[in-house]
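Scroll down for the structure; my scribbles are underneath it.
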Amino acid sequence: MIEVHNLTKRFASHTVLENVTCSFVPGKVNLIIGASGSGKTVLMKCIVGLHEPDEGRIIYDGTDFTGLSHKDRKPIQQKIGMLFQSGALFDSMSVKQNVMFPLNMFSNMTYKERVDRIEFCLNRVNLSNVGHLYPAALSGGMKKRVAIARAIANQPKYLFVDEPNSGLDPQTSLVIDHLIKEITEEFNIVTIVNTHDMNTVVESGANILFIHKGKKWFHGTAAELIRSDNKELNDFVFASKMMRSYREKANQ
Amino acid sequence: MKYIFSIGHYWIFLTRLVQKPERFNVYLRQIFIEMEAMGFGSLGIVAVNSIFMGAVITIQSAYNIVNPLVPLSAIGVVARDSMILEFSPTVIMMVLAGKIGSSIASEIGTMRVTEQIDAIEIMGINSSGFLVLPKIIASTFILPFVVLISMFVGIMGGWLAGDLTGACPAPDYLKGLQDSFVPFNVTFALIKTVIFAFIITSVSSYQGYFTRGGALEVGQASTRAVVYSNILILLFDYICTQLLLV
């Protein structure tokens with residue numbers, strides 16, 4: 001479980017996150033939703049340690065991450081897998097080398113075991129035949145799936161996913177959403193997905209945090225979200241005709 | 001003020017490089033990959049530059065020596081010492097600052113703007129150490145060999161040009177090469193090369209590592225890497241000469 005207590009982050013005099021408190025549970029897809037510029041990416045970067053919060057604490061399974069030195073953070077960071085918006089695959093490495101990278105750096109597996117593990121991970125994301133290709137030769141959806149394979153290679157306890165569907169067609173987005181949900185349930189990991197794609201909310205959202213202007217506006221389940229009378233939340237989630245009709249059907 | 005900040009920032013960046021590697025064998029493999037790219041990858045441009053520099057030095061020296069009392073073998077001495085003392089370690093390293101420095105800055109800069117460096121950091125890896133340290137070690141080890149090859153090829157270029165044009169016949173040129181040779185000059189050149197190699201890789205990595213923005217900023221970082229490397233090479237060329245030769 002990951003807990004965030006009273007987190008505040010400022011850039012110069014601009015407060016991007018203000019007093020955010022929330023928790024993320026294992027085995028379910030935890031969503032952070034909000035409009036562009038609302039502070040959700042900063043929140044995720046604070047949780048993984050790429051930004052230092054100005055105030056507040058981040059607790060990983062009882063360990064205060066914010067209180068640790070960079071050196072002491074390493075054992076926790078080695079249990080983190082992250083899928084970036086762009087995939088962030090290493091251009092100079094093939095798909096296999098990308099997936100093997102965290103294993104080369106941290107695991108004590110033999111070469112044969114590492115090869116077996118990357119085959120398992122690539123099979124798991126349905127990409128068993130692209131191991132020899134380089135990222136430049138992959139489509140957007142394939143890059144995201146390779147990034148998922150790399151993120152799960154070292155058997156993480158925490159999976160962070162930043163805008164998994166940006167730049168993808170609806171069908172591929174659905175594949176990625178299902179994959180993230182399956183992996184989360186299969187390995188019982190804490191998955192936090194940062195999105196403003198409402199299809200993801202409908203498809204996989206179990207524990208949803210809505211950030212608006214840097215503040216926590218809503219935190220609850222998908223069912224609670226549908227019934228919520230919070231104006232800002234409703235304006236954001238049910239902005240499209242499709243989502244409004246979805247709410248009407250759900251309420252019937 | 002900005003320059004003082006940059007010097008301090010650069011120094012902090014360098015201190016972060018020297019941390020215990022997460023996996024020594026992965027770093028070692030990176031060093032060999034970088035050595036191949038910097039060493040073998042630079043041989044073509046180094047050879048072409050060196051052969052023409054050697055040729056031009058020879059012909060220009062011949063053109064300037066009009067006093068019949070000065071023997072033609074002096075052309076060999078001039079070509080040898082010019083290549084060893086200045087052209088190979090300094091000019092060739094400035095050429096390499098353009099080739100290797102811009103490549104490093106754009107590679108690391110692109111990794112920064114496409115979040116590849118963040119991906120490394122999140123795994124708990126010292127990204128600056130992993131990306132930069134192998135490049136510095138590789139360059140300081142392999143570039144002295146490249147400069148030695150440049151010296152040899154440049155002197156051969158002078159020999160060819162002198163003999164083919166008749167400006168300095170081969171026997172005179174070869175005699176000049178052996179006249180009053182100071183072995184320390186080669187040592188001096190190699191010391192300079194190691195310092196310049198460190199400057200090129202560390203300055204270019206620093207420029208790339210702290211790139212912010214997109215493609216435009218990567219290009220600007222690459223340009224800054226070459227400009228600052230060249231200025232520092234010239235500055236340290238003067239300092240080394242003052243300290244070691246005078």
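The values are calculated or read from the model by the stated rules, or taken from the named source; none is laboratory data. All values reported here derive from a predicted model rather than from experimental measurement. Note: ideal-geometry Cβ built from the backbone for every residue, glycine included; neighbour counts use all protein chains shown. With ligands, DNA and RNA removed, areas are computed over all heavy atoms of the protein, side chains included. Shrake-Rupley method; radii C 1.70, N 1.55, O 1.52, S 1.80 Å.
Quick rundown of the values:
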read-out	value
Residue match in region A:88-95 (condition: open to solvent by less than 10 Å² (accessible area, probe 1.4 Å), without any contact (Cβ under 8 Å) to a residue 12 or more places away in the chain and of a type outside the set (Phe, Trp, Tyr))	no
Lone unmet requirement of (1) modelled with pLDDT under 95; (2) of a type in the set (A, V, I, L, M); (3) under 30 Å from B:Ser222 (Cα atoms) for B:Ala47	(1)
Restricting region A:88-103 to residues that are within 9 Å of chain B (Cβ to nearest Cβ) and in a helix (DSSP H, G or I), the residue that is nearest to A:Lys45 (Cα to Cα)	A:Pro102
Leading residue by the ranking (farthest from A:Gln77 (Cα to Cα)) among those in region B:33-60 that are within 14 Å of another protein chain (Cβ to nearest Cβ) and open to solvent by 70 Å² or more (accessible area, probe 1.4 Å)	B:Glu36
Where A:Asp72 falls short, out of the listed (1) open to solvent by 30 Å² or more (accessible area, probe 1.4 Å); (2) within 11 Å of another protein chain (Cβ to nearest Cβ); (3) part of a loop (DSSP other than H, G, I, E, B)	(3)
Hits in region A:114-133 (condition: of a type outside the set (Lys, Arg), open to solvent by less than 80 Å² (accessible area, probe 1.4 Å) and assigned to a helix (DSSP H, G or I))	A:Val115, A:Asp116, A:Ile118, A:Cys121, A:Leu122
Filtered residue count, region B:116-127, keeping only those that are farther than 15 Å from A:Ile148 by Cα, at the interface with another protein chain (Cβ under 7 Å from one of its Cβ atoms) and open to solvent by 10 Å² or more (accessible area, probe 1.4 Å)	2
Checking A:Gln85 against (1) touching a residue at least 12 places away in the same chain (Cβ under 8 Å); (2) more than 11 Å from every other protein chain (Cβ to nearest Cβ); (3) open to solvent by 60 Å² or more (accessible area, probe 1.4 Å), the condition it does not meet	(2)
Condition check for B:Gly166: open to solvent by 20 Å² or more (accessible area, probe 1.4 Å), more than 14 Å from every other protein chain (Cβ to nearest Cβ) and of a type in the set (Gly, Ala, Ser)	yes
Region B:1-27, residues that are within 12 Å of another protein chain (Cβ to nearest Cβ), assigned to a helix (DSSP H, G or I) and open to solvent by less than 100 Å² (accessible area, probe 1.4 Å)	B:Arg16, B:Asn25, B:Val26, B:Tyr27
